[in-house]
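Below is one structure, written out as structure tokens, with a few remarks after it.
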Amino acid sequence: MNTRTATNDTPNDPLLTPAQVAKICGVSHTTVQNWINKGQLAFVPMPSGRKKVRRSDLPKAQYADGRTTD
């Protein structure tokens, strides 16, 4: 799996929930979970057991209409 060890949230690179990633990318929550489970999207494991994604790890290739996360 593609995990990160740092759990610090920074203003320039916030940690996002899978639901937030889904909204940004225009896909379902299930799709984001599949990306994470298949190792296609890096995540940060939280102490609670949940997974969060750094904004900088969102793949620009996911945007069919040319949007970026910048």
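Stretched out fully, how many nm does the piece from Asn37 to Ala19 gain, at 0.36 nm a residue minus the Cα gap?
Gain in length upon complete extension: 5.0 nm.
Using 7 Å Cα-to-Cβ label points, what is the Arg50/Thr30 separation (nm, one decimal)?
Simple spin-label model gives 2.2 nm for this pair.
Mind checking the dipole of the range 15-57: about its Cα centre, +1 per Lys or Arg Cβ, -1 per Asp or Glu Cβ, Debye to the nearest 20?
80 debye
Bear in mind these aren't lab numbers, they're just calculated from the coordinates by the rules spelled out. In this text the structure is predicted, and so the values were computed from the model without any measurement. We place every Cβ from the backbone using ideal geometry, glycine too, and count neighbours over all the protein chains shown.
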